[in-house]
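> Okay, handing you the structure first.
Computed from the coordinates by the stated procedures, all read-outs in this text should not be read as laboratory data. Because the structure is predicted, anything quoted here is derived from the model rather than measured. All Cβ positions, even for glycine, are placed from backbone atoms using ideal geometry, and neighbour counts span all protein chains on display.
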Amino acid sequence: MRPREQTPPLALVIFGASGDLTARKILPALVDLADRGRLSDRFTVIGVARTEWTDDEFRKVALQDATAGGERWQRLVERFRYVAGEYSATETFDRLKEVLSEADEQYGTGGNRVYYLATIPPVFAMVAEALAKEGCNVPGPGGEFARLVVEKPYGRDLQSALDLDDAVHRAFGEDQIFRIDHYMGKETVQNVLALRFANAVFEPIWNRRYVEQVQITVAESLGVEHRGGFYESAGALRDIVQNHVMQVLALTLMEPPTGMDATHLRDEKVKLLKAVDIPTPDEAVDRSVRGQYGAGVVGQEAVPAYRDEEGVAADSQTETYVALRLGVENWRWAGVPVYVRTGKRLPARVTEVAMQFHRVPFLAFEGELARQLRPNSLVLRIQPNEGISLHFGAKVPGEEFRVQSVSMDFLYENAFHERESDGYPRLLHDAMCGDATLFIRTDEVEQAWRIVDPYLAAWSQPGGGGLHFYNAGTWGPHIADLLLERSGDSWRTPEL
Ligand code: BG6
């Protein structure tokens, strides 16, 4: 990971420029970078999409969607360009090539290009191939790089991810490709590395001898919003577990890397992912729970059932909740259950990793006390209330010897005053500077699909992993509790 610097001269080409992701994430990230002086003066954006906009219409949107932009942003937007066209039409790419040359001449972008695929996934491969056909997969005259940033989802199962990768690799080399997982841009996710590898106290206990179980929770209180159509073909396993959960899991459980650069860090993540157990079809059914929310109350608000959301089939079988029992087969983690759960319309938005430690081997305190004592745990709160807490037992003041669970808390907002972003400015900046450390390498994507594929396959069989309903505003279907109770474990109540 490199220190913050200004980007080199370049043209950022956004495919899907009239879409939701550009408006919600990419433009605000650019505003943030512009305001902090991180964009080169020799920088421009070229939007490409099917919507029939002119340059000016795109500029107007860039100013509107990113209302916070200061003077620097406004000056930048004046040079934004827009190419309207179909992704399947050669003319679109001919025109893009012309606009890129004009940008080099007028704005000094120097032949450097970063292409951002913010389109719907089915056209990823088509755009990459069309760029290569036009010779846009190499830098323009005098340039040093041409890179491709690809959004998620990267495939919808192992085979389609491999096919997509083949197609993309025919057009761009792996060192040109920057696959986004926005969780890697989150400060608290990166802080897992700092916690583990910048401190001496945690590493000795970070293994099966001390850790009894790991729980990773990615809970959302929102439903599918206006993305019902997309979500119907995804589901929680593809939408969250294959990418975000696997990244968090890899960083939490991997071996210490010998360097924090793209190669060393990603080598260790892949090694860890390769050690995650791959279940047989029966095991996959046995170790997973899939759920779907019914109507309920979240916060104070009555919300409809998933099946009543816009764009969702009335008999939809898509899971909005999934819980898995995973394991990591290596010396450090053998036998330690790694419980993972994610869901929409749960009571709160909270992402956390909880390392739960073994109980003491012998309890010198008697009776009721023994039952009250909770095992120690270290909780990494990814969001919100970003921070870390350590839970341990302390004596309750008084004549009796009673022990109660208390916690030591570190809160980001108390220690630092930097505002937390959604990760996009950081990732976009890294891609433009050519630092691939926080991006997902081809072998990581592949391995993550190898892990989740057996669940998808098992669930698609008759009788494989039925769908369990839960009321919106609850912590998922009851049967997910049984997944843990079988081993004498239970879900933590996440820290809110
Ligand atoms: C996206 C998923 O990748 O992550 C969404 O497609 C989900 O369904 C979102 O809501 C969660 O991101 P965050 O940053 O809010 O945790």
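> Report the net charge of residues surrounding A284, where surrounding means a beta-carbon distance below 13 angstrom and charges are Lys +1, Arg +1, Asp -1, Glu -1.
Residues near A284 contribute -1 overall.
> Could I ask something else about it? Given H placed 1.01 Å from N in the peptide plane, which residues other than close sequence neighbours of A17 have an amide H under 5 Å from its amide H?
V48, A49
> Using the crude model of +1 on Lys and Arg Cβ and -1 on Asp and Glu Cβ, and no other charge, please compute the dipole size for region 66-160 relative to its Cα centre, in debye to 20.
300 debye
> Quick one: what are the phi-derived ³J(HN,Hα) couplings along region 427-438, Karplus 6.51/-1.76/1.60 with θ = phi - 60°, whole Hz, x for glycine and proline?
Values per residue, Gly and Pro as x: 5, 5, 4, 4, 5, 5, 8, x, 9, 8, 3, 8 Hz.
> Follow-up question, since we're still on this one. By counting other Cβ atoms within 10 Å of each Cβ, how are F197, F392 ranked from fewest to most?
Details: F197 13, F392 16.
Fewest-to-most ranking of F197, F392: F197, F392.
> What distance in nm lies between label points placed 7 Å from Cα along the C-beta direction at D261 and S421?
Result for the modelled spin labels: 2.5 nm.
> Something else now. Mind giving me the FRET efficiency for A457 and R95? R0 is 35 Å, r the Cβ-Cβ distance, nearest 0.05 is fine.
It comes to 0.20.
> Would you mind checking the tilt of helix 262-275 against the longest principal axis of the Cα atoms of the chain, expressed as 0 to 90 degrees and rounded to 10?
Tilt relative to the chain: about 50 degrees.
> In debye, nearest 20, what is the charge dipole magnitude of the chain about its Cα centre with +1 on Lys and Arg Cβ and -1 on Asp and Glu Cβ, if you could check?
Charge dipole, the chain, about its Cα centre: 880 debye, nearest 20.
> Find out how many positive minus negative residues lie around A161, taking Lys and Arg as positive, Asp and Glu as negative, among other residues whose Cβ is under 12 Å from that of A161.
-3
> Quick one: check the C-alpha center-to-center distance for region 285-313 versus region 1-50, whole angstrom.
Comparing the Cα centres of region 285-313 and region 1-50, I get a distance of 36 Å.
> Using the Karplus curve 6.51 cos²θ - 1.76 cosθ + 1.60 with θ = phi - 60°, work out ³J(HN,Hα) for each residue of region 475-489 in order, rounded to whole Hz, and write x for Gly and Pro.
Using θ = phi - 60°, the values come out as 7, x, x, 4, 4, 5, 5, 5, 3, 8, 4, 3, 9, x, 10 Hz.
> Given Cα pairs under 8 Å that are at least 6 residues apart, what percent is the relative contact order of the chain? All intermediate terms of the calculation are to be shown ahead of the outcome.
Details: 944 pairs, mean separation 86.0, N = 496.
Dividing the mean separation by the residue count of the chain yields 17 percent.
> Now a separate question. Given a cut-off of 24 Å, name the pairs among K152/K186; K152/K269; K186/K269; K97/K152 whose C-alpha atoms lie farther apart than that in the structure shown.
K97/K152
> Tell me, C136, C433 in order of fewest to most beta-carbon neighbours within 10 Å?
Arranged by neighbour count, lowest to highest, C136, C433 become C433, C136.
> Apply the Karplus parameterisation 6.51 cos²θ - 1.76 cosθ + 1.60, with θ equal to phi minus 60°, to every residue of region 169-186 and state each ³J(HN,Hα) to the nearest whole Hz, in sequence, with x for glycine and proline.
5, 5, 9, 9, x, 4, 6, 9, 9, 10, 8, 8, 10, 5, 4, 5, x, 6
> Amide H neighbours of F178 under 5 Å, at least 5 residues apart or on other chains, H built in the peptide plane: list them.
So F178 has HN proximity to L148, V149, V150.
> Right, another one. Using helices alone, what [θ] at 222 nm do you get for the chain, with -39,500 (n - 2.57) per DSSP H run of 4 or more residues, divided over all residues and rounded to the nearest 500?
-9000 deg cm²/dmol
> Also, I was wondering about something else. Which angle from 0 to 90°, rounded to the nearest 10, does the C-alpha axis of helix 442-459 make with the longest principal axis of the chain?
Taking the Cα atoms of the chain, the angle to 442-459 is about 60 degrees.
> Amide H to amide H, which residues 5 or more places from Y82 or on other chains are under 5 Å from it, using H placed in the peptide plane?
G47, D55
> If each residue of separation counts as 0.36 nm, what is the full-extension length gain between F362 and D55 once their alpha-carbon separation is subtracted?
Difference between extended and current length: 103.3 nm.
> Using a 7 Å offset from the Cα along the Cα-to-Cβ direction at both H478 and Q64, what is the distance between the two label points in nm, to one decimal?
Each label point lies 7 Å from its Cα, and together they span 5.0 nm.
> Quick one: net charge around Q404, please, counting Lys, Arg +1 and Asp, Glu -1 for every other residue with C-beta under 11 Å from its C-beta.
Taking every other residue near Q404 into account, the sum is +3.
> Using alpha carbons only, how many degrees (0 to 90, rounded to 10) separate the axis of helix 124-133 from the longest principal axis of the chain?
The angle comes out at about 30 degrees.
> For all pairs of alpha-carbon atoms in the chain, what percent lies in each bin of width 10 Å, listed from the first bin to the last filled one?
Computed distribution, short to long bins: 4, 18, 27, 25, 16, 7, 2, 1, 0.
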